[in-house]
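Everything below concerns the one structure shown next.
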Amino acid sequence: MLRAAVSVALLGGFYLYALVIVAAVAAGTVYTVSRFGSSRASVEVIGIGLGITVAVLVALWRALRHKASPPQGVRLSRNDAPGLWALAEASAEAAGTRGPDEILVDAEFNAAVSEESKALGLVGGRRYLIVGLPLLASFDTGRFRAVIGHEFGHYSQSHTRLGAVAYRGHVAVRLMLDAFAGRRFNPVTWLFKAYAALFFTVQAGVSRAQEFEADQVAARLTGGENTRAAFRELPVMAAAWSRFQQQYMLLGASEKLVPDDLFGGFASFREGRAGEIAELREQPLPSETQRLDTHPSIASRVAALEGAPGEPQPGDEAPAAGLLADFDAVAKRVDAEWISPGVERVPWSELCQRTVGSAQRKRADAAFRAVERVLGPGKASLDALIAEVKDGRGEVLWQELEAANFPRDGVQAIVATAAIDSGALRFELSWDGPMRQVGKDGEPVALDELTAPLFDADADGEAARGVLAARGIDLALAVSSGRTTAASHAAAQAKIIAASDVVELNGEKRHLFVATTGFAFLPIDPRAKEGEQRLKQVMQECGSVEGLVRAAALWLPTEEVRHMEQLKGMSYKARIVTQDGTEHVLVQKLMSDDIGKPFDLIAEYAAGRASRE
């Protein structure tokens, strides 16, 4: 009850705090008008007071009317998950509380409960149990029972009823902070930030205490050993799921390729990387807790459970996936709801070949564009490069290509593309290590060995032809695909990393966006607000460098930059020369708002560019 009172007091206190600030602003405005009459100062104070009052009242009104969205996920009927429903209801009965009205499954490595309570948590409502399929797939039944027991500990202690109060408080505070986000030097902003710090700190402390309470309920329901084992395994398998996503599932993201059996792949990953997962289990449990963390550290939770009685029961060693009638069918439903439309589904066996092959082809095309800059139109082929080496121009050729932004490993990309098209190279997925590069015979292929004759001190064009031919690589296929340009390729790969609201480019004021593969200069809309907010609005509306280009931005990919040098001036000033000889002059405006450090990044790029010239 004390924690319930704290949650209600924090929420009510915030509304009262906001109204007191409004009253203080109003009193100050009235005093100023009565003291100074209809002076200019009075008019300005009235305007400021009205602005603050409207912002506060609008934020409060939005918070009062805000409704939480229902939990998302695939709904499981009793036929879909007879074992899971039976486990949930048995746990609820043992905890002395009501079971869930719905069970949902999603793709998060987690489990949670929620309740649509009313009247500040005094009246219960519809209950949901949300289970992450990765957790269900990787836990045994005993550990999974402990996780569910923990969640029903929240129900039995009425924590979920307080969730509505805490959530509304979070919404109210966040909306108020957003309303004053652009007023960094406003005392009202400081007051709300101070209350927000108090609110979030106290709520986080309440939440951590609730987690400890729910842990004890889990130990009582499912046994201390199961519960301790579950908490020890949680960070291990959460890390495994994260690695699986980064190293395998998202492998084809840049090409919009997604494997067609995600959870089957996760099972193969756990089997192939069993040694790595075992090493994770040997690492110390996470022990740090930050001030705003809503959960205690795993180490402190396990320590609090030491001595809790209870042994595993028969059947606890069985996979928790068996609680579903058909795991694969449920996995397909979760997969379909989780993955965004507009992607191509491919078998795991084809993922590496399609992804790496496409990346190599794009790098090869960039290499061929540099070759054309040096050798001239119509010379974008490996055969032309070998001919130059054969004529003894190898050393000079590579210097000229570097100046023309020939990509690193560009020759390997050209050879790899030709080898793929010749059927002489495949990239194969491996669940227990890095992907493999193999030839027709299934033996490993080292691309640097195939290209070595072109880079030797005594470069030999004929030797290079012989090495490639022996591997079954058709030189006639080592040509540009013509599918991309420097601008389109760079824009598609670009990520915006910094921006400046106002710069001067060739005497015209523009927004500057620094991306990983170039620089975008967007004409300024004079009707828009100035500063960081305007930048963020543009980034939100355009979404990407491709969006900026569609909005009429001048896009300078770094691939097209031939020379860049800093010029003298009060602020940063640079001359940019593109591969076709076009010159641009960029000038920093000192009073402009920036996101990140765009001119530090430009200076760093210019220095790197100069070192290669």
Open item on the list: For the chain, what are Rg and Dmax over the alpha carbons, in angstrom?
Closed with: 31.2, 96
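Between GLN313 and ARG126, what is 0.36 nm times their sequence separation minus the Cα-Cα distance? Round to one decimal in nm.
64.2 nm
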Open item on the list: What do you get for the angle between helix 159-179 and the principal long axis of the chain? Use alpha-carbon atoms, 0 to 90 degrees, nearest ten.
Closed with: 60 degrees
- [ ] Set Lys and Arg Cβ to +1 and Asp and Glu Cβ to -1, take the dipole of the chain about its Cα centre, and tell me which of PHE455, PHE427, ALA218 lies farthest positive.
- [x] ALA218
TODO: Give me the accessible area of GLU372, 1.4 Å probe, in Å² rounded to the nearest 10.
DONE: 80 Å²
TODO: Mind pulling the angle between the C-alpha long axis of helix 2-36 and the longest principal axis of the chain? Nearest 10 degrees, somewhere in 0 to 90.
DONE: 80 degrees
TODO: For ASP140, list long-range residues whose amide hydrogen, built 1.01 Å from N in the peptide plane, is under 5 Å from its own amide hydrogen.
DONE: ALA320
TODO: With an 8 Å cut-off on Cα pairs and a minimum separation of 6 or more residues, tell me the relative contact order of the chain in percent.
DONE: 10 percent
- [ ] Give the peptides 508-518, 79-89 in descending order of average Cβ contacts within 10 Å, highest first.
- [x] 508-518, 79-89
Task: Extreme residue, positive dipole direction of region 458-613, given options MET570, GLN533, ALA469 (C-beta unit charges) - done: GLN533
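Restricting to Cα pairs below 8 Å that are 6+ residues apart, what does the relative contact order work out to for region 192-288? Please round to a whole percent.
This gives 26 percent for region 192-288.
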Open item on the list: Testing the spin-label approximation: label points 7 Å from Cα along Cα→Cβ at GLN537 and GLU449. State their distance in nm.
Closed with: 6.1 nm
Open item on the list: Compute, for region 479-562, the length of the dipole vector about the Cα centre, with Cβ point charges of +1 (Lys, Arg) and -1 (Asp, Glu) only. Units Debye, rounded to 20.
Closed with: 140 debye
Task: Dipole in debye (nearest 20) - region 226-359, about Cα centre, beta carbon charges: Lys, Arg +1; Asp, Glu -1 - done: 340 debye
Open item on the list: Taking all protein chains in place and a 1.4 Å probe, what share, in percent, of the accessible surface of region 452-576 do carbon and sulfur account for?
Closed with: 50 percent
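Quick check: residue separation of VAL585 and ASN79 times 0.36 nm, minus the Cα distance between them. What number comes out in nm?
Contour length minus the Cα-Cα distance gives 175.3 nm.
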Task: Extension reserve of the ARG527-ASP432 stretch, reckoned as 0.36 nm per residue once the Cα distance is removed - done: 28.5 nm
TODO: Could you calculate the FRET efficiency of ALA610 with LEU554 from 1/(1 + (r/R0)^6), where r is the beta carbon distance between them and R0 is 22 Å, rounded to 0.05?
DONE: 0.45
Open item on the list: As I understand it, the dipole of the chain uses +1 on the Cβ of Lys and Arg and -1 on the Cβ of Asp and Glu, about the Cα centre. Which of LEU251, ILE46, ILE21 lies farthest toward its positive end?
Closed with: ILE46
- [ ] Quickly rank 254-261, 103-110 as a protection proxy: mean count of other C-beta atoms within 10 Å, highest first.
- [x] 103-110, 254-261
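Out of the DSSP beta bridges found with both residues in the chain, what percent are antiparallel (nearest 5)?
On the way: 47 of 55 bridges.
Expressed as a percentage, antiparallel bridges in the chain total about 85.
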Open item on the list: Restricting to Cα pairs below 8 Å that are 6+ residues apart, what does the relative contact order work out to for region 444-552? Please round to a whole percent.
Closed with: 18 percent
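The values are calculated or read from the model by the stated rules, or taken from the named source; none is laboratory data. What you see is a predicted model; the values in this text were computed from it and never measured. No Cβ is skipped: glycine too gets one built from the backbone with ideal geometry, and neighbour counts run over all protein chains shown. Ligands, DNA and RNA are excluded from the accessible area calculation, which covers all protein heavy atoms including side chains. Shrake-Rupley method; radii C 1.70, N 1.55, O 1.52, S 1.80 Å.
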